[in-house]
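First the structure, in the form of C-alpha cells, and then the observations on it.
The values are calculated or read from the model by the stated rules, or taken from the named source; none is laboratory data. Here the structure is a predicted model, which means the values were calculated and not measured. Using ideal geometry, Cβ is built from the backbone for each residue, glycine included, and neighbour counts are taken over all protein chains shown. Ligands, DNA and RNA are excluded from the accessible area calculation, which covers all protein heavy atoms including side chains. Shrake-Rupley method; radii C 1.70, N 1.55, O 1.52, S 1.80 Å.
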Amino acid sequence: MTRARMVELSWAGLRVPAIADGLGCSEKTVRRWLHRFNRCGLEGLEELGGQGRKRRITEVERSRIIALVKQVPPGRLEVQPGGDLWAADESGPAEWTLDSLAAQARQLGIEVGRSQVRRILLAEGVRWRRTRSWTRSKDPDFVGKGRGSSASIPSRPTARRSSAPTSWGR
C-alpha cells in the first residue's frame with residue numbers, strides 16, 4: 001500500500017520531497033496522507049468512501065425508467081386485427097418524450113424530473129424517440145413526391161472566378 005509506504009519512509013527520516021519522488025506522486029499528496037496518519041492513526045490511511053453527492057434514485061429505479069422506453073406508449077394507436085385503431089389510453093402520450101417519461105415514472109412512484117430522465121437515458125445510450133421518416137409511408141395509397149431536387153440547381157458549386165485582371169484575353 002502506497003500510503004503505508006509514505007509513513008514508513010517518513011519514519012526512516014526521509015523528507016516529503018524525497019518520498020514524493022521515490023513513490024512518483026506529488027508532495028501535496030504525501031503531506032495529506034502523513035497528516036491524516038498523524039491525526040487518525042492507521043484508520044486515517046483507509047479510503048473514507050461515501051464521498052460526493054448521493055444518488056437520488058436507486059439502480060432499480062433507473063432500470064425501470066430505461067425499461068419504460070421499450071414499452072409502447074399508452075396513447076399510441078395500434079391497428080387491431082379487424083382494421084380498427086385502438087389505444088390503451090387515448091389521453092396518454094402517443095410518443096415518449098422526456099416529459100411523458102418523467103410523468104410515467106412518477107406514476108410508478110419514482111420521484112424524478114425531466115432533466116434527470118434525460119441524463120439517465122443519455123448515459124445508457126437509450127433513444128427515447130422514434131425517428132420519423134417523412135419520405136415513406138405504410139399507406140398503400142401513398143404516392144411519393146418524385147425526384148428529390150430540381151434540375152435547375154447545380155449538383156456542385158461552380159468555381160469562383162478571380163477578381164484580378166488577367167492578360168490572357170489580349
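For this structure, a couple of remarks:
- With respect to (1) more than 29 Å from Val112 (Cα to Cα); (2) touching a residue at least 12 places away in the same chain (Cβ under 8 Å); (3) not in a helix (DSSP H, G or I), the lone exception for Pro74 is condition (1).
- For segment 42-62, the criterion of a residue being over 30 Å from Ser10 (Cβ atoms) and over 32 Å from the mean Cα position of the chain (by Cα) is satisfied by no position.
- Complete set of residues in segment 71-129 that are basic (Lys, Arg) and either surrounded by 16 or more Cβ atoms within 10 Å (Cβ to Cβ) or over 20 Å from the mean Cα position of the chain (by Cα) (or both): Arg76, Arg106
- In this structure, Glu43 does satisfy being open to solvent by 50 Å² or more (accessible area, probe 1.4 Å) and among the charged types (D, E, K, R).
- Filter pass, Thr2 being closer than 30 Å to Arg127 by Cβ, without any contact (Cβ under 8 Å) to a residue 40 or more places away in the chain and open to solvent by 50 Å² or more (accessible area, probe 1.4 Å): no
- Candidate set: segment 1-24, residues that are of a type outside the set (A, V, I, L, M, F, W, C) and outside any helix (DSSP H, G or I); chosen: the one nearest to the chain's Cα centre (by Cα): Gly24
- Unmet requirement for Arg56, which otherwise passes all of (1) under 30 Å from Val7 (Cβ atoms); (2) part of a loop (DSSP other than H, G, I, E, B): (1)
- Here Leu68 meets the list (1) among the aliphatic types (A, V, I, L, M); (2) without any contact (Cβ under 8 Å) to a residue 24 or more places away in the chain; (3) open to solvent by less than 70 Å² (accessible area, probe 1.4 Å) almost entirely, failing just condition (2).
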